[in-house]
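Reading through the structure tokens given below for one structure.
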């Protein structure tokens with residue numbers, strides 16, 4: 001008859017200590033070895049120029065009606081239809097943006113564009129970034145439905161303006 005002998009308390013303690021040490025070394029190596037697999041790359045997609053009416057005060061949220069505008073880049077251009085708006089909410093020292101607009105390309109395709117973003121003042125100046133999302137039924141521009149974009153405000157007199165970049 002054979003039976004397995006369970007490890008003694010001393011052997012069990014020693015094995016536990018070895019296992020814990022191995023686990024902590026592996027964890028610290030993984031934590032310190034974190035680095036990006038590659039650089040984040042982007043390419044210019046379009047310039048967006050919006051015409052807006054004066055803001056309507058609605059308490060902590062202001063509403064800036066979008067009355068039109070234009071957009072254009074190397075592969076796309078067109079107009080911004082009136083009827084959209086920018087909901088600007090003051091939150092903890094910054095402005096939170098929520099914008100919804102309709103674009104029409106020069107070749108007659110409709111694209112719904114929404115974006116959220118942040119505007120804040122810092123030591124380096126104004127930080128104004130947006131995260132656009134595009135929706136379209138157009139076969140030609142279907143790729144917009146599943147591509148990530150980032151935008152950065154730029155100064156154009158009389159306009160709300162952005163350069164929008166496609167993340168590769």
So if I restrict to the alpha-carbon atoms in segment 42-167, what is the Rg, and what is Dmax, the biggest pairwise distance, in Å?
14.4, 45
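Which number comes out as Rg/Rh for segment 38-78 once both Rg and the Kirkwood Rh are worked out on C-alpha atoms? Walk me through the numbers before you get to the answer.
Numbers: Rg = 15.6 Å, Rh = 12.9 Å.
We get a ratio of 1.22 for segment 38-78.
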Kirkwood Rh and Cα Rg combined as Rg/Rh, segment 129-168
1.07
Starting from the eigenvalues of the Cα gyration tensor, five times each then square-rooted, give me the equivalent ellipsoid semi-axes of segment 101-168, largest first, whole Å.
26, 14, 9
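Starting from the alpha-carbon convex hull of segment 58-123, give the projected area averaged over all orientations, in nm².
5.8
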Distance in Å, no decimals, from the C-alpha centre of segment 59-89 to the one of segment 150-164 is 11
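Coordinate-derived values only; no laboratory data. Values in this document were obtained by computation on a predicted structure and should not be read as measured data.
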